[in-house]
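The values are calculated or read from the model by the stated rules, or taken from the named source; none is laboratory data. All values derive from a computational prediction rather than experimental measurement. Note that we place each Cβ from the backbone using ideal geometry, even for glycine, and neighbour counts take in every protein chain shown. These area figures cover heavy atoms from the full protein model, side chains too; ligands, DNA and RNA do not enter into them. Shrake-Rupley method; radii C 1.70, N 1.55, O 1.52, S 1.80 Å.
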Amino acid sequence: MSLRYQAPRGTQDILPEDQAYWDYVRDTASRICRLFGYERIDTPVFETASLFTRTTGEATDIVQKEMYVFRDRGGQELALRPEGTAPVCRAYLEHGMGSRPQPVRLWYWAPIFRYDRPQAGRYRQHHQLGAEALGDSSPSLDAEVIELLWRFYQELGLSNLTLYLNSIGDGQCRPQYVETLRRYYRDRLAHVCPDCQARFHRSPLRLLDCKQEQCQPVIAEAPSMLEHLCGPCRDHLSEVGRYLEAVDVPYTMQPRLVRGFDYYTRTVFEVHPPEEGAQSALGGGGRYDGLVEMLGGPPTPAVGFGTGVERIIIQLKRQEVPVPAPGRPQVYVAWQGAEARLPAFRLASELRQKGISVLLATGDRSLKAQMRQADARGITYVAILGPRELQEGSITLRRLADGYQETLPASALLQRILSP
RNA sequence: GUGGACGUGGCCAAGCGGUGAAGGCGCCAGGCUGUGGCCCUGGAGAUCGCGGGUUCGAAUCCCGCCGUCCACCCCA
């Protein structure tokens, strides 16, 4: 069959057989977030485009080439949400959350859109779980957010993950460091890859993150951010580390870790699965003390993370983590003969009203076919309503697991199902 | 955005210039008259991703498009 329509490139349907994973991740997320005292927030799928261009950074890839931007009929320039943090900050400001007890702890579960070239684990529409804590600069909050993310993965049953931690400094020390880094690279530009030559101008911190063979020697000798942090940033980082150690969240310092958004300050982190591979990062985040101010609000320190649901599910499958099976209907109502059609429909309805999930046979199949169906769907009981039962006001109840079956008065059916 | 691999019924998959385009799973029906899971039999379902070209003849060769996947890039 030639497909007239396909889901747009980089998007996918989540079929019933996959929903068990989604339910599992979503339920776990909501439980853990509640456990940490985070409250759910939902923001629109699209926002004013400049919300992202202003905060994420004009020069970042996300803004430069990955945003879905469009004008609505009123001429407003809008963008499909390419990341979760800026909208939360916007909502924080818009609803005066600055006058709630600080910090304000929020979490979200939202589709994210980026016009990327699709690959396994990289889609044009994907979903993120995120948590943000706004209005407090304590390092304990960085650690709290990181612990929340870590416990979430743990709770899901994922293992062998690595948490990388770094600090990229703040307005005090980063500009100086970037200058130092540029000075270092200036003489060596001839020895680095073309991408790095571009990074030198566009986003110098990314130079440290290059994976090209030829750039490694240059990176190895490059000045480290960690050694150029100002006092407060250095203290902040070591405090974060101390808190993480106190709650046994294992981390690895990764001085080359940089993130793709311009708004980060100080703490940045990422979590990776054991496999090598390009788009492996499961989640990441950091502190963004300047973001709310960028949106026209008062100085408001904040920290948060985002983690990709699709990648988590890939990882759950790869690690063969068992997820709870979806609930199946308990009873299949089979019937035979035209006279039984209406009574069967009524029986199904009555059982459902008692809270028992029921599948009713459709059409006019043979009893054999109905049994086959019930079996294929993993149902517990088949209630049979045929001429015989109709005549004597009874129902035959068959347990599929062992084939035990009895015919009982219709009034006793419910009782029998509930207490076998 | 760059480079590469791939694309056969819902799923897996053989075929690689001339076939009625295998097979398995799944689906539907039947194996006597009211009953599942195994087994047996039968059936439905394919313009071989789409469009063009080469050829007497194309699923098989060539080109373009679409899509998936891999590496880069970037990130979740």
Rounded, prolate or oblate (a/c below 1.5 giving rounded, otherwise prolate when a/b exceeds b/c) for the range A:218-300 by Cα gyration tensor: rounded
Among DSSP beta bridges lying fully in the range A:331-418, give the percent that are antiparallel, nearest 5. 55
Would you check the accessible area of A:Asp195, probe 1.4 Å, heavy atoms only, in square angstrom rounded to 10? 90
Looking at the square roots a ≥ b ≥ c of the eigenvalues of the Cα gyration tensor of the range A:10-104, which shape do they give, rounded for a/c under 1.5, prolate if a/b is larger than b/c, or oblate? oblate
I'd like the Karplus ³J(HN,Hα) series for the range A:344-357: coefficients 6.51, -1.76, 1.60, θ = phi - 60°, whole numbers in Hz, and an x wherever there's a Gly or Pro. 5, 4, 5, 4, 4, 4, 4, 4, 4, 5, 8, x, 9, 7
Simple Cβ-charge dipole of the range A:16-170, Lys/Arg +1 and Asp/Glu -1, about Cα centre, in debye nearest 20: 280
To the nearest Å, what is the center-to-center distance of the range A:149-181 and the range A:233-264, using C-alpha atoms only? 5
Over chain A, average the accessible area per residue using a 1.4 Å probe and give it in Å², no decimals. 51
Using only DSSP helix segments of four residues or longer, with each worth -39500 (n - 2.57), what per-residue ellipticity at 222 nm results for chain A after dividing by its residue count and rounding to 500? -10500 deg cm²/dmol
Give, in nm to one decimal, the length gained when the segment between A:Glu58 and A:Trp22 is fully stretched (0.36 nm per residue of separation minus the Cα-Cα distance). 9.6 nm
Cβ-based net charge around A:Leu397, under 13 Å, with every Lys or Arg adding one and every Asp or Glu removing one: 0
Among A:Tyr123, A:Tyr108, A:Tyr381, which one shows the biggest mean-square fluctuation in a GNM of chain A, springs joining Cα atoms closer than 10 Å? A:Tyr381
For chain A, what is the per residue volume of the convex hull drawn over the alpha-carbon atoms, in cubic angstrom? 217
Taking H placed 1.01 Å from N in the peptide plane, check which residues at least 5 places from A:Tyr332 or on another chain put their amide H under 5 Å from its amide H. A:Leu359, A:Tyr381, A:Val382, A:Ala383
Of every hundred units of 1.4 Å-probe accessible area on the range A:119-224, the number belonging to carbon and sulfur atoms, as a percent, is 43
Highest-MSF residue in chain A out of A:Arg352, A:Arg105, A:Arg71 [GNM, Cα springs under 10 Å]: A:Arg352
Relative packing of A:188-194, A:138-144, which averages over residues the other C-beta atoms within 10 Å, highest first: A:138-144, A:188-194
Gaussian network model of chain A, Cα within-10 Å springs - most flexible of A:Ser280, A:Ser203, A:Ser394: A:Ser394
Let me check against my output: what whole-number percent is the relative contact order of chain A, with C-alpha pairs under 8 Å and at least 6 apart? 15
Given +1 on the Cβ of Lys and Arg, -1 on the Cβ of Asp and Glu, and no further charges, what dipole in debye does the range A:195-236 carry about its Cα centre, rounded to the nearest 20? 180
Along the positive direction of the dipole of the range A:123-232 (beta-carbon charges: Lys, Arg +1; Asp, Glu -1; about the Cα centre), which of A:Gln197, A:Leu149, A:Asn166 reaches farthest? A:Gln197
Prolate/oblate/rounded call for the range A:341-398, Cα gyration tensor, a/c under 1.5 rounded: oblate
List the residues of the range A:281-315 whose backbone N lies under 14 Å from a point placed 7 Å from the Cα of A:Thr162 along the Cα-to-Cβ direction. A:281-282
Over the range A:331-418, what relative contact order in percent results from Cα pairs under 8 Å that are six or more residues apart? 29
Would you work out the charge dipole size for the range A:229-341 about its Cα centre, treating the Cβ of every Lys and Arg as +1 and the Cβ of every Asp and Glu as -1, and quote it to the nearest 20 debye? 220
Taking the DSSP beta bridges in chain A as the whole, what percent of them are antiparallel, to the nearest 5? 80
Computed E for A:Ser349/A:Leu408 - FRET, C-beta separation, R0 22 angstrom, nearest 0.05: 0.70
So, over other residues within a Cβ distance under 15 Å of A:Val218, counting Lys, Arg +1 and Asp, Glu -1, the net charge is +3
What does the convex hull of the alpha-carbon atoms of the range A:68-179 project to on average, in nm²? 11.2
Note the full-extension length gain between A:Leu367 and A:Lys317 as 0.36 nm times their separation in residues minus their Cα-Cα distance, in nm to one decimal. 14.2 nm
Could I get the Rg over Rh figure for the range A:324-420? Both from C-alpha atoms, Rh via Kirkwood, rounded to two places. 0.93
Residue by residue through the range A:320-337, what is 3J(HN,Hα) from phi via Karplus (6.51 cos²θ - 1.76 cosθ + 1.60, θ = phi - 60°)? Round to whole Hz and write x for glycine and proline. 6, 6, x, 10, x, 6, x, x, 9, x, 7, 10, 10, 9, 9, 8, 9, x
Per residue of the range A:141-152, in order, report the coupling 6.51 cos²θ - 1.76 cosθ + 1.60 (Karplus, θ = phi - 60°) as ³J(HN,Hα) in whole Hz, putting x for Gly and Pro. 6, 4, 5, 4, 5, 5, 5, 4, 4, 5, 5, 4
Exposure of A:Cys230 as accessible area (Å², to 10), given a probe of 1.4 Å and all protein chains: 30
